[in-house]
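Beneath this line is the structure, given in structure tokens, with notes to follow.
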Amino acid sequence: MSKRLFVSIDLDGLAEAIAAVQDRFEGASGLNFVDPAQAHVTLKFLGDTDPDRLPELTDELTAAVEESGVAPFEARFGGLGAFPSEEYITVVWVGVREGGPAMTALNEAIEDRTVAMGFDPEDHELTPHVTIARMDHAGGKEQVQTVLREADPTVGPLDVSEVCLTESVLTDDGPDYSTLESFEL
């Protein structure tokens, strides 16, 4: 049975701040919030992966993190945005104010190693962000757009010292994430 995997930077300790940002959208029809305790920046989505590949994947991610040359750093999160656009919203996110270049360097090294292993390449440049909600229908679109235009929240700083290989198990209550392996910077 395959595992649904991604590589991430977890926002441990910032759940309350993420929840406070989500509160700004309270009552917006069609908006489903991500569990703030599971907030993260996705560096690379790997998708369904054969568990037999985990040892090789772990070795390659260890090498990628080392090759990136990224040392532990402080990231700062804040501001809001939407994908693919403010007119057609599927994802609402908090941005990365500081630490983006380090995240991009990690992403590029991880991308090189995982694509060489046969994982699909990304079809777009990394935009470091933290998904806080997904929009299922446009019922609350105007409310969401107003908050996106008027709010500029600060989520806070985070000392980043590791990258995680994370498994995502889809449940009726949304995805449940668990760290399979971590890689120190």
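The values are calculated or read from the model by the stated rules, or taken from the named source; none is laboratory data. Note that the structure is predicted; figures quoted are calculated from it, not measured. Backbone-built Cβ (ideal geometry, glycine too); neighbour counts: all protein chains shown. The accessibility values were calculated without ligands, DNA or RNA, using every heavy atom of the protein model including side chains. Shrake-Rupley method; radii C 1.70, N 1.55, O 1.52, S 1.80 Å.
A few comments on the model shown:
- Taken over region 61-74, residues that are open to solvent by less than 30 Å² (accessible area, probe 1.4 Å) and assigned to a helix (DSSP H, G or I) amount to 5.
- Among residues of region 153-182 that are more than 30 Å from MET1 (Cβ to Cβ), those with a beta-carbon under 6 Å from a residue that is open to solvent by 60 Å² or more (accessible area, probe 1.4 Å) at least six positions away or on a different chain give the pairs PRO157/GLU74; PRO157/ARG76; ASP159/GLU74; SER161/PRO72.
- Condition met for GLU125 (surrounded by fewer than 18 Cβ atoms within 10 Å (Cβ to Cβ) and over 18 Å from the mean Cα position of the chain (by Cα)): no
- Residue list for region 17-60, filter: more than 17 Å from the chain's Cα centre (by Cα), in contact (Cβ under 8 Å) with a residue 60 or more places away in the chain and assigned to a helix (DSSP H, G or I): ALA20, ARG53, LEU54, GLU56, LEU57, THR58
- If you go through region 128-185 and keep only what is closer than 24 Å to SER68 by Cβ and in contact with a Lys or Arg (Cβ under 6 Å, 6 or more places away or on another chain), you end up with PRO157, GLU167, SER168.
- Residue check, PHE77 assigned to a strand (DSSP E or B) and over 16 Å from the mean Cα position of the chain (by Cα): no
- Test for VAL147: is it in contact with a strand residue (DSSP E or B) (Cβ under 6 Å, 6 or more places away or on another chain), modelled with pLDDT of 95 or more and surrounded by 14 or more Cβ atoms within 10 Å (Cβ to Cβ): no
- The number of residues in region 1-16 that are in contact (Cβ under 8 Å) with a residue 60 or more places away in the chain and more than 14 Å from the chain's Cα centre (by Cα) comes to 3.
- Checking LEU46 against (1) open to solvent by 40 Å² or more (accessible area, probe 1.4 Å); (2) within 21 Å of GLU184 (Cβ to Cβ), the condition it does not meet: (1)
- Residues of region 80-118 that turn out to be surrounded by 15 or more Cβ atoms within 10 Å (Cβ to Cβ), more than 18 Å from PHE183 (Cβ to Cβ), under 16 Å from the mean Cα position of the chain (by Cα) and of a type in the set (Val, Ile, Thr), as a count: 4
- Qualifying position, being outside any helix (DSSP H, G or I) and acidic (Asp, Glu), among ASP112, ASP120: ASP120
- Candidate set from region 1-16 (those that are open to solvent by 30 Å² or more (accessible area, probe 1.4 Å) and either not in a loop (DSSP other than H, G, I, E, B) or not hydrophobic (A, V, I, L, M, F, W, C) (or both)); member that is farthest from VAL65 (Cα to Cα): GLU16
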